[in-house]
Amino acid sequence: MLSFISFWKASAIVLCDFGSSAYYSGGIAMKAYGPAFPWFILGVMLFAGVMLAVYVESCSMFVRGGVYVVVRHAMGKFVAKIAVSALVFDYVLTGPISAISAGLYISYLAKSLMGMAGVEASFSPNMLAVVFGVAVISYFWKANIRGVKESGDTNVKIVLFVAFIAAVLLIWSLLTVYVRGFTLPPFKLEFSDYALGWAKDISWLKPVGMIGIFMAFGHSILALSGLESMAQVYREIEDPKIPNLKKTATIVFLFSLLFTGVLTFLSAIIIPAERIVGEYSENLLSGLALELHGPYFARLGLQVLVVISGGLILMGAVNTSFVGANGILNRVAEDGILHDWFRKLHPKYGTTSRIITMVALLQITIIIISRGDIFLLGQAYAFGVMWSLIFDTLSLVVLRFKDTEFEREWLFPFNIRVKRYQVPVGLMAVLLVLLITGTMNLITKPTATVMGLIFTAAFFTIFQVSEKMNEKKATLHVEDEEAEEKLNLKSEADINTILPELSRPNRILVPARNPDNLVHLKQILKTVDDSTTDIIVLSAKVTKNMEFGREENPVTDEDKDLFRNVVLMAEKYGKTVKPMLVFSNDPFLSIAQVAYAARVSEIVMGVSGSVGAEIQLEKLAMAWGMLQKEDGLSVKARVIWQGREMSYKL
């Protein structure tokens, strides 16, 4: 069943990726440019609201959106392949940095507990984090091979627990500040030589004034990781999609501002700067728990809860890295730029196991090479985050001039109307900030720049070669054993085995045959409340010499085109549908049998160009009369086409 989720669940899915940066972004920023880090982390969280608004416009244009789709429409496949290569780098790095961060929090908690017990902790937290990280990646590799998805319900529970711990931290921190007093962190930039990168060898590029501000902003930008999850989850948001997307963006912004921005700022107020650098740079929120005012055992208990909450949300981010990378690579494969070898389905679980395995191997390799250095991972991570944001924003600016007729349900603010163009002054200002920051990042993060460029070039090469191979295969008319749209089909011999999946009080049956004639389905999706009504989309395929049932019959390209269009239309309107394909020698009898078995109240058909609405209703009425009905079930049959409708009571 194609189903959709509420904005609460969508927010939770995004926050399990976006919110995880609270656990490591502050410490990484502190090591890069010193005591001014809380001001910049708070600034980045405010800037997150701007970028969320950018993604709202992007999603309003493309239901199945994201960086690749937007860039392809704006600047073509070539640039889109570069953009999606950088984005894959972002997703691949999400796993290692999240797993290592969780391992470091656990390691430092173990040190605290061992110290309380009087046992000397002689192990290296970074090495323990590496072992833990490899184990976590291996677990989620196996889980995703089996087909485990992101669960909206599970993510909501995780975010609620994290929000509770964050609230305890926030209230206790404010009480600590009240008891001890406070001094605001100095707005003073003290860049390390490593954080300056190549800039220290450029005489005119000094980290002062606006140059220094953009350098520091670039070292904090990794706190924006996870924004692409907004685009990936948009297709699953229920109707009305844009209003619910705006609610999702608002919840994500407010949660992240308080959780990442405010708690990082309070950490800098409460924890002495030298202790942040010396003890807590890799576990800042644990350090905040231990430095609060109160009895030690209470603070240690809070540290345990912080580590548990961090482990949950960081593990959610690891799973997101698999789901996101797999989803993006499957999306580009549909466009012909990734060879079908990568998308070969697992013989048992029906998942794209080769893509998942490739992502896992890359993540484990990165973890081992990094040796648990969260600062190094953070530098590299910022490359993918930064350039995916740049490409997405640049594409929206280009589309404002290139495609003025494209329907946009929402526009990023601050536009000037010039003839038929909405000149995006606001978007161009955002793009300017991103470009300056991205350029500074290339200069100040040489290791990340080299790693990012190599990774991007490698994936770009894979996409180029795959595209050429696919073009050659198409030219030679080689039959493709693996269909373009990978479908997991559940075969049932009896309609009654499917009925328990229909749980709503009302049911409507929508027969469909022509992928280009779905006017009747569109009308149902626009008007029916799917929270109270099951919408069954039935394709009755004529096969000679057999009775109604699900026999072993091939699913043709025409069938896939039909259900692909059904899915796309359902995604557009955010309504849940139940697609069903049956094989029968009499399609009208099949429609009647399914309608009766499912106890539907309406059958809504599209008009047939060969026989017309009256004949369709007549044939359906005859088929309905042939059924041996034990009760007086009454069904309304409707035929809908452009501007007209004909109905009959069966």
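Here, each number is a calculation from the coordinates, and none is a lab measurement. Everything numeric in this text was worked out from a predicted model, so none of it was measured. When we count neighbours, we look across all protein chains shown, and the Cβ atoms used for this are built from the backbone with ideal geometry, even at glycine.
Things to note:
- The chain, helix-only ellipticity at 222 nm - DSSP H runs n ≥ 4, -39,500 (n - 2.57), divided by all residues, nearest 500: -20500 deg cm²/dmol
- Spin-label model distance (nm) - residue 409 vs residue 633, 7 Å beyond Cα toward Cβ: 3.4 nm
- Candidates per GluC sites (Glu not before Pro) in segment 617-650, loop by DSSP, up to 12 other Cβ within 10 Å: 630
- Inter-label distance for residue 465 and residue 429, nm, one decimal - labels placed 7 Å from Cα along Cα-to-Cβ: 4.6 nm
- Equivalent ellipsoid, the chain (semi-axes from 5 times Cα gyration tensor eigenvalues, Å): 50, 27, 24
- Phi angles of segment 529-540 translate, via the Karplus equation with coefficients 6.51, -1.76, 1.60 and θ = phi - 60°, into HN-Hα couplings of 8, 7, 6, 10, 9, 7, 9, 9, 9, 10, 10, 9 Hz per residue; Gly and Pro are given as x.
- Gain upon complete extension [residue 346, residue 293; 0.36 nm per residue less C-alpha separation]: 13.7 nm
- Between residue 254 and residue 157, the simple spin-label model (points 7 angstrom out along Cα→Cβ) gives 2.5 nm.
- Most positive-pole-ward Cα, 367, 175, 525, against dipole of the chain from beta carbon charges: 175
- All other residues whose Cβ lies under 13 angstrom from that of residue 529 are scored, Lys and Arg at +1 and Asp and Glu at -1, for a net of 0.
- Computed E for residue 642/residue 572 - FRET, C-beta separation, R0 25 angstrom, nearest 0.05: 0.85
- Net length gained if the chain between residue 371 and residue 206 were fully extended (0.36 nm per residue, minus Cα distance): 56.3 nm
- Helix 209-220 vs. the chain, principal-axis angle (Cα, 0 to 90°, nearest 10): 60 degrees
- Length gained on full extension, residue 450 to residue 277, computed as 0.36 nm times the residue gap minus the Cα-Cα distance: 59.6 nm.
- Cα shape, segment 144-272, gyration tensor, a/c 1.5 rule: oblate
- Nearest-ten-degree value, helix 241-256 long axis tilted from longest Cα axis of the chain: 20 degrees
- Each Lys and Arg contributes +1 and each Asp and Glu -1, all at the Cβ; summed about the Cα centre of the chain, the dipole is approximately 920 debye.
- Beta bridges by DSSP in the chain, antiparallel share as percent, to the nearest 5: 35 percent
- Mean separation of Cα pairs under 8 Å and 6 or more residues apart, divided by the residue count, gives the chain a relative contact order of 22 percent.
- Taken one residue at a time, the phi angles of segment 284-289 give Karplus couplings (6.51, -1.76, 1.60, θ = phi - 60°) of 4, 6, 5, x, 4, 4 Hz. Gly and Pro are set to x.
- Euclidean distance of C-alpha centroids, segment 178-207 and segment 35-55, integer Å: 18 Å
- Against the main long axis of the alpha-carbon atoms of the chain, helix 37-61 sits at an angle near 20°.
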